[in-house]
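J.: Below is one structure. I have some questions about it.
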Amino acid sequence: MLLIRCPYCEEELPELEFRNAGEAHVVRSSHLADVSDQDFEEFFFIRTNPKGIIYERWRHIHGCARFFNAVRDTVSDKFLMTYKAGEPKPLLVSEPAKTAPAKPKAAAKPRSRKGDA
Amino acid sequence: MAKASTKSGAVAERRPALAGREIAAAAVRVAVLPPAERISLRAPAGSVSALSKALGLTLPTKPKTSASKGGRTALWLGPDEWLVIDEAGKSPVADCAPVKALHSAVDISHRNVALAVTGSGAEATLSAGCPQDLSLAVFPVGAATRTILGKVEIVLLRTAPDAFRVECWRSFSDYVFEFLGEAAHDAAA
Ligand SMILES: [Zn+2]
């Protein structure tokens with residue numbers, strides 16, 4: 001079974017307790033009425049759907065019930081790290097498979113980096 | 001009141017979920033626990049000390065922990081969420097009522113049914129349907145968590161090395177009881 005680290009429970013817990021909640025860092029405009037149809041379409045419907053690293057929202061629905069964010073590789077289905085909701089998007093993983101092999105510690109130790117939203 | 005209804009033939013009878021049912025396997029016993037007072041408590045960090053004082057126990061702030069005092073137990077469910085169970089007949093919702101600090105205390109006494117799973121096969125019985133590591137080293141006495149059993153959500157509390165309290169929603173209690181019954185017989189060894 002896949003183990004997912006919940007940043008609120010501070011523990012790796014079984015995937016059955018979690019639920020995916022779509023792509024992370026999709027920012028809703030604070031003036032939604034002023035947004036053009038095209039921009040709204042992009043905000044509302046268009047997702048990056050990458051092959052590789054994806055930033056996602058997850059929810060520990062059958063645990064602490066918190067939403068948090070995760071960095072996952074859609075090819076290997078591996079969770080690279082998780083971090084609390086509201087924390088800046090981490091730029092830790094730059095194509096781990098192609099260049100140097102990914103450091104195994106990167107997944108275990110989430111680290112927030114202030115400054116890059 | 002009771003007399004009047006008896007006369008008219010319509011007797012209202014309270015029948016608790018799973019009343020009178022019990023499983024006794026070789027190494028495990030599953031018993032229905034008596035009704036208890038319960039609240040779902042939500043509060044920010046700044047209200048914890050005032051609520052702890054009102055409830056008469058220190059609300060745990062660490063994941064997967066609980067605190068118990070005088071028949072009352074507070075289980076950490078989330079960063080600002082607790083399940084408070086009172087088995088001594090006192091009302092935690094009444095105790096929280098005068099607290100001025102921001103909080104939400106909702107009486108859920110009758111939402112849950114509690115089961116006691118005890119015996120040398122208790123851990124194996126729960127592990128049949130709970131995906132968490134329930135070994136004593138990882139899930140010690142006093143550990144508490146919301147998790148899954150089979151297809152339903154439960155709240156699990158370890159009360160002794162070989163004893164657990166399982167809290168589930170009333171409408172799921174039949175499923176949980178049957179599930180634990182099947183597992184209990186498998187865990188006989
Ligand atoms: Zn959690």
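J.: So how many residues does the range B:81-98 have that are within 14 Å of chain A (Cβ to nearest Cβ) and either farther than 26 Å from B:GLU153 by Cα or surrounded by fewer than 20 Cβ atoms within 10 Å (Cβ to Cβ) (or both)?
T.: Adding up the residues that qualify gives 1.
J.: Can you tell me which of A:GLY63, A:GLY86 is modelled with pLDDT under 95, assigned to a loop (DSSP other than H, G, I, E, B), closer than 27 Å to B:THR65 by Cα and within 16 Å of the ligand (Cβ to nearest atom)?
T.: Being modelled with pLDDT under 95, assigned to a loop (DSSP other than H, G, I, E, B), closer than 27 Å to B:THR65 by Cα and within 16 Å of the ligand (Cβ to nearest atom) holds for just one of A:GLY63, A:GLY86, which is A:GLY86.
J.: Now for a separate question. Please work out which residue is nearest to the ligand (Cβ to nearest atom), limiting yourself to the range A:50-60 and to residues that are touching a residue at least 40 places away in the same chain (Cβ under 8 Å) and surrounded by 15 or more Cβ atoms within 10 Å (Cβ to Cβ). Steps first, please.
T.: Within the range A:50-60, the subset touching a residue at least 40 places away in the same chain (Cβ under 8 Å) is A:52-53, A:58-60.
Imposing the further condition that a residue be surrounded by 15 or more Cβ atoms within 10 Å (Cβ to Cβ) reduces the set to A:53, A:58-60.
Values: A:ILE53: 23, A:TRP58: 10, A:ARG59: 9, A:HIS60: 3 Å.
Restricting to residues being touching a residue at least 40 places away in the same chain (Cβ under 8 Å) and surrounded by 15 or more Cβ atoms within 10 Å (Cβ to Cβ), the top hit is A:HIS60.
J.: Can you pull out the residues in the range B:19-67 that are within 14 Å of chain A (Cβ to nearest Cβ), surrounded by 15 or more Cβ atoms within 10 Å (Cβ to Cβ) and touching a helix residue (DSSP H, G or I) at 6+ places or on another chain (Cβ under 9 Å)?
T.: B:LEU41
J.: What residue, among those in the range A:8-49 that are assigned to a loop (DSSP other than H, G, I, E, B) and within 10 Å of chain B (Cβ to nearest Cβ), is farthest from the ligand (Cβ to nearest atom)?
T.: Among them, the one singled out is A:GLU10.
J.: Please find, among B:LEU149, B:LEU134, the residue that is at pLDDT 95 or above and over 16 Å from B:ASN112 (Cα atoms).
T.: That would be B:LEU134, the only listed residue that is at pLDDT 95 or above and over 16 Å from B:ASN112 (Cα atoms).
J.: Next question. Report, ordered by the first and then the second residue, all pairs with beta carbons closer than 7 Å, sequence separation of six or more or different chains, a first member in the range A:76-92 that is in contact (Cβ under 8 Å) with a residue 60 or more places away in the chain, and a second member that is buried (at least 16 other Cβ atoms within 10 Å of the Cβ) and among the polar types (S, T, N, Q).
T.: Qualifying pairs under 7 Å: A:THR82/A:ASN69; A:TYR83/A:ASN69.
J.: Would you confirm whether any residue within the range B:153-161 is surrounded by 15 or more Cβ atoms within 10 Å (Cβ to Cβ), modelled with pLDDT of 95 or more and small (Gly, Ala, Ser)?
T.: No, because not a single residue in the range B:153-161 is surrounded by 15 or more Cβ atoms within 10 Å (Cβ to Cβ), modelled with pLDDT of 95 or more and small (Gly, Ala, Ser).
J.: Of all residues in the range B:68-80 being within 16 Å of the ligand (Cβ to nearest atom) and over 15 Å from B:VAL155 (Cβ atoms), which is surrounded by the most Cβ atoms within 10 Å (Cβ to Cβ)?
T.: B:ASP80
J.: Give me a count of the residues in the range B:131-170 that are in contact (Cβ under 8 Å) with a residue 40 or more places away in the chain and either in a helix (DSSP H, G or I) or more than 20 Å from B:TRP76 (Cβ to Cβ) (or both).
T.: Counting residues in the range B:131-170 that are in contact (Cβ under 8 Å) with a residue 40 or more places away in the chain and either in a helix (DSSP H, G or I) or more than 20 Å from B:TRP76 (Cβ to Cβ) (or both) gives 2.
J.: Inspect all residues belonging to the range B:109-116 and state whether any of them is within 14 Å of chain A (Cβ to nearest Cβ), in contact with a strand residue (DSSP E or B) (Cβ under 8 Å, 6 or more places away or on another chain) and over 25 Å from B:ALA184 (Cα atoms).
T.: No, that holds for no residue.
The values are calculated or read from the model by the stated rules, or taken from the named source; none is laboratory data. Being a predicted model, the structure only gives us computed values, none of them experimental. Please note: Cβ atoms are built from the backbone with ideal geometry, for glycine as well, and neighbour counts cover all protein chains shown.
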